[in-house]
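First up is the structure itself, then whatever we jot down about it.
Taken together, the values in this text are just the output of simple stated rules run on the coordinates, not laboratory data. In this text, all values refer to a predicted model and were calculated from it rather than measured experimentally. Counting neighbours? That spans all protein chains shown, and the Cβs are built from the backbone with ideal geometry, glycine included.
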Amino acid sequence: MAIGTVVQAPASSQVGIQERAGLLILVTLIALPHLWHMPWWVNALAALLIGWQAFGLIAHSPVPARILRAGLTLTVFAAVFMGFGRINGQQAGVALLVLMLALKQSEITGYRDIVVVLCLCCFVLVTQFLFSQSLWMAAYLIAGSWLVLAGFVHAHMPYARASYRQAAAESARMLALALPVAALFFLLFPRLPGPLWGLPAQDGRQATMGLSDQMSPGSMAALARSGAVAFRVRFPGRVPTPAERYWRGPVFWDFNAGTWHNAPTTAKLPTPAIDRASADITSDITLAPTHEHWLIALDLPLQANRRYHRSPAGTLLVDQAIDQRIRYVVRSATRYRLDRRLSRVARQRALALPGHHNPKARALAKHWASEGLSVPAVINRALSMFRTQPFRYTLNPPRTSRDNSVDDFLFSTRAGFCEHFAGAFTFLMRAAGVPARVVTGYQGAEPSAVGNYWIVRNSDAHAWSEVWLAGRGWVRVDPTAAVAPSRIEQGVTGSLADTGDLPFMARGERSNPWFQARLLWDAVNAGWNRWFLAYGPSLQQRLFAQLGLAGFGTAIAILTFGTVGLLGLVSLWLAWRMRPARIDDPVLRAWQRIGKRLAHLGLPRRVGEGPGDYAVRVAAARPDLATAMNSLARQFIALRYGMSAGGDARRLFVAAARHFRPRRRRTHS
Amino acid sequence: MAGSMVKRHVEAYIRRRTPISVPPLTVSRRRLYILPTASGLLFAVLLIVMVLGATNYGNNLAFALTFWLGAAALVSMHRTHRNLAGASVKQVSATPVFAGQTVQFKLVLSSRARSTRYAVQVSASGSRAMPLPVNITPDGATPVDLTVAAVRRGYQRCPMVRLDTVYPMGLFRAWAQLVPDVSVLIYPHPAGIQAWPTEHTTPGGRSSLSLSGGDEFLAHRLYHSGDSPRRIDWKASARSMSLMVTQHADTADPTHWFDFDALTGLDTEARLSQLALWVVNAANAGHEYGLSLRSQSIGPASGAQHRDTCLKALALH
């Protein structure tokens with residue numbers, strides 16, 4: 001570095017076959033989990049490159065010619081560009097990184113190359129977590145760090161004496177010692193909210209399964225096939241009854257060409273008025289990333305412990321899309337009055353049925369309205385139609401046309417999933433002159449095996465309707481619940497729940513050991529999500545508040561002093577490991593103790609000075625110690641160099657040495 | 001430029017703080033220096049990029065990995081420090097060489113620590129050489145040769161010994177400098193074109209007899225190391241209870257006298273070089289020779305010890 005004539009390259013500048021083989025294996029292991037995230041052709045290309053290097057190592061072939069390497073580099077760039085249409089961005093960037101790292105193996109000639117490859121390995125390691133943050137990835141993090149650090153250690157051992165076993169041990173030791181400091185950093189290092197430079201475009205990344213900002217026939221059924229956990233929830237107080245477990249998500253006002261959505265151009269709706277509501281249920285929710293803005297919450301959410309605003313339909317929204325797992329607490333009311341007075345704009349929008357499609361459904365609703373039925377009677381008429389006519393609840397409904405989807409569903413196919421029922425019901429209500437809208441979210445919750453929490457899965461995704469009744473406000477009507485509970489076809493998903501009844505899994509499979517194991521594993525995952533993954537800017541702020549920290553300044557100060565202190569302990573432990581070896585011979589140890597005691601008095605034993613000479617010198621300097629010292633030296637010489645090494649004599653000498661405690665000479669004597 | 005100034009000052013500071021003493025010399029913690037290496041800076045940049053990425057994506061596993069690697073790097077700094085602190089140079093020895101050759105200081109490194117000190121590089125401070133690192137095992141003594149140029153005749157002190165280590169991760173370099181108070185004799189560079197002196201003269205200018213191997217028996221004298229065992233007169237030795245060799249007058253193998261003052265027309269160093277060359281040649285040929293250096297005269301005699309005495313006198317003249 002800057003100071004001194006530091007010799008730069010440590011070991012040898014030549015990298016041997018063994019070292020290169022080790023690095024090749026390391027790179028392969030580190031990049032392995034990317035197999036699941038990369039397109040097949042990237043995997044094939046990487047395997048080809050690595051296989052080629054391995055073959056080159058076995059055949060002892062020299063480093064490939066520069067022109068070949070340049071050609072391969074260009075090929076890799078071209079392949080990535082053609083495959084992804086770009087060379088940056090998450091997936092393309094990672095593909096490029098992995099391929100270049102595989103290619104780099106062929107040109108490792110010196111120490112510099114090894115360090116670069118090892119640093120790139122760290123980078124590949126971190127890119128894995130962009131794709132998954134499961135517990136398996138945590139295990140992979142530990143194994144990967146251990147391997148990469150062992151690679152570093154191995155590269156810095158004397159070449160001929162380098163041992164993978166020792167390198168692995170050293171690496172494990174360092175990582176263990178680093179754990180407290182790392183934990184301190186994890187907790188106290190300032191976490192800034194939000195992306196710094198924006199998240200990459202989702203090139204090729206499979207879209208996250210979850211509620212969407214529109215609803216068309218088939219969209220909820222697709223979601224219901226996924227058993228992935230949407231969120232986990234704890235109820236610190238009362239647990240909602242099954243019929244109350246409606247989780248509010250996006251609400252749709254506008255219907256167009258078979259799709260329910262929120263048109264962007266319509267006039268702004270007022271914020272809803274909520275009254276006669278008492279927050280009677282608190283839920284502590286850990287939500288998986290949705291990349292959307294809504295905070296899923298038990299119907300009807302009143303307040304949450306993070307910054308939110310309320311949509312015109314009462315859903316809680318946050319400013320930034322939820323790209324990370326978050327944890328929040330919501331207080332909800334199961335009895336409430338929502339918008340007892342409906343504004344003109346809202347009423348218009350909740351009644352709008354543009355166009356003239358679905359004529360049969362319109363006619364049916366008009367017929368009900370013309371009979372002079374009250375609004376509740378109209379609702380009942382519609383529900384009883386679902387109940388009495390042969391409607392089937394199914395994950396695989398026949399296709400309906402785009403423009404006349406409601407007519408097709410109501411009068412010909414009569415098979416659908418919750419979105420068909422909710423959509424058709426809302427359509428009928430509007431046609432009958434009753435303000436109505438579609439609400440999507442989740443319905444149900446499944447208790448965990450351990451840990452006292454509840455799981456809500458994608459398969460619990462649900463859609464229902466809200467109708468506006470004078471004096472009551474918006475009232476939830478779930479037309480799906482009108483269809484018999486035996487409506488599930490073929491048990492395709494195994495975790496399909498549709499009504500206020502107990503979810504299927506909770507009812508049917510509780511005794512199944514596999515199901516039990518899955519639930520147990522879910523409990524582990526829940527802890528992982530709740531305590532590790534959900535830790536972010538807002539939880540950090542809460543932690544600081546609980547610890548009484550004023551803010552980042554104090555946290556950084558604690559972090560600094562804590563790190564210095566912990567590293568001091570690490571240093572002490574390392575020093576203890578390097579402490580001088582204990583001398584086996586108690587006699588010699590006793591003699592050295594004598595020397596140490598005399599050294600404190602300014603009479604250290606000189607290098608190469610024999611015990612006899614030392615005793616003479618001590619006696620000359622301190623006549624008061626002469627007798628004792630001479631006796632000890634004589635005994636020591638006899639025991640150490642003489643023939644008689646009797647046990648008693650040794651014990652006597654050790655005891656005498658222990659009692660030899662020379663004092664500092666008093667000034668007057 | 002400023003960098004090199006700083007570097008010079010720091011070097012001078014380290015030199016001032018480095019005491020000169022007789023081996024064993026131990027690396028004390030107070031005289032152990034540590035700085036990040038180029039690899040260390042690269043690693044730091046990597047960690048910064050990783051922490052920015054982790055913040056951007058709000059990715060907790062990325063945070064965990066970054067902090068863990070960073071903490072491990074800090075632990076490795078202490079490990080590097082402890083790897084060197086307490087190492088010692090137990091012995092330093094060297095055999096004399098001629099100026100212009102290289103001198104090998106044979107160092108013996110040792111450590112009283114329970115664990116091995118890995119990958120310690122030993123070099124002469126300031127040299128550009130890149131020595132192979134060695135492991136200093138707890139029990140054994142690790143030999144290391146330090147090769148430096150023998151520049152001038154006379155005593156040459158062992159150079160400042162620099163112990164370096166980047167173990168375990170190569171992110172930090174710890175080093176210490178030790179100055180063992182050990183010197184080696186450097187003989188004058190043997191060179192010259194002057195002819196071998198044929199005149200057999202004693203320092204006083206008197207004609208003398210060659211006292212060496214020949215045919216005509218002259219006397220007995222005490223055995224010196226370097227004498228040919230064949231010249232030992234075992235009977236005479238038995239009589240006098242000490243080893244005696246026979247002395248013979250020999251005209252074919254005369255005693256040479258190498259006289260400093262006789263070499264006129266040359267400066268002192270050239271004369272010493274010439275004398276050294278003669279001594280080496282005479283010793284190689286097995287001749288008997290004497291050396292006259294102003295006030296000092298050595299010999300005549302033969303053998304390795306005599307040769308070394310003569311060369312030492314020349315080196316220190």
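What the table shows:
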| item | result |
| --- | --- |
| Pair A:D113, A:I142: separation of 7 Å Cα→Cβ label points (nm) | 3.5 nm |
| Qualifying lysines (Cα of each under 25 Å from Cα of B:K312; at least 8 residues distant if same chain) | B:K106 |
| A:R341/A:S370 FRET efficiency (R0 30 Å; Cβ-Cβ; nearest 0.05) | 0.65 |
| Whole-angstrom gap from segment B:149-169 to segment A:608-624, using each part's C-alpha centre | 36 Å |
| Label-point separation, A:T73 to B:A285 (7 Å along Cα→Cβ), nm | 6.6 nm |
| Calculated over segment A:214-515: convex hull of Cα atoms, volume per residue (Å³) | 128 Å³ |
| Normalised convex hull volume, segment B:17-185, alpha-carbon set, Å³ per residue | 113 Å³ |
| Radius, Kirkwood style, for chain A when every pair of distinct Cα atoms is counted (Å) | 31.7 Å |
| Dipole magnitude of segment A:586-659 about its Cα centre (Cβ charges: Lys, Arg +1; Asp, Glu -1), debye to nearest 20 | 260 debye |
| Sorted by Cβ neighbour density within 10 Å, fewest at the top, the residues A:R341, B:R173 | A:R341, B:R173 |
| A:S163/A:L32 FRET efficiency (R0 35 Å; Cβ-Cβ; nearest 0.05) | 0.90 |
| For segment A:586-659, diffusion coefficient by Stokes-Einstein and Kirkwood Rh (Cα), 20 °C, 1.002 mPa s, µm²/s | 174 µm²/s |
| Residues B:M169, B:M160, sorted so that the one with the fewest Cβ neighbours within 10 Å comes first | B:M160, B:M169 |
| Mean separation of Cα contacts under 8 Å (6+ apart) over length of chain A, as relative contact order % | 12 percent |
| Fully extended contour minus Cα-Cα distance, from A:Q18 to A:D624, at 0.36 nm per residue | 211.6 nm |
| Of A:S465, A:T426, A:Y308, farthest towards positive along the dipole that unit charges on Lys, Arg, Asp, Glu beta carbons give chain A | A:Y308 |
| Furthest towards positive pole of dipole, B:I298, A:A575, A:Y393, structure part the protein assembly as shown, Cβ charges | A:A575 |
| Furthest towards positive pole of dipole, A:N525, B:T102, B:P168, structure part the protein assembly as shown, Cβ charges | A:N525 |
| Convex hull projection area averaged over all views, segment A:278-416, Cα basis, nm² | 11.7 nm² |
| Rel. contact order, % - alpha carbon contacts under 8 angstrom, at least six apart, chain B | 16 percent |
| Segment A:17-156 - convex hull of alpha carbons, volume per residue in Å³ | 96 Å³ |
| Rounded to the nearest 20 debye, dipole of the protein assembly as shown from Cβ charges on Lys, Arg, Asp, Glu | 3420 debye |
| Separation of the A:L569 and B:R31 label points, Cα + 7 Å toward Cβ, nm | 3.4 nm |
| Unit charges on C-beta of K, R, D, E only; dipole of chain B, Debye | 1900 debye |
| Evaluated over segment A:131-199, the Cα radius of gyration and Dmax, each in Å | 16.1, 50 |
| Exposure proxy ranking, count of Cβ atoms within 10 Å, fewest first, for A:T388, A:T75, B:T18, A:T286 | A:T388, A:T75, B:T18, A:T286 |
| Isotropic mean projected area of the C-alpha convex hull, chain B (nm²) | 25.0 nm² |
| Residues A:E609 and B:R152, FRET efficiency given R0 of 35 Å [Cβ-Cβ distance, rounded to 0.05] | 0.50 |
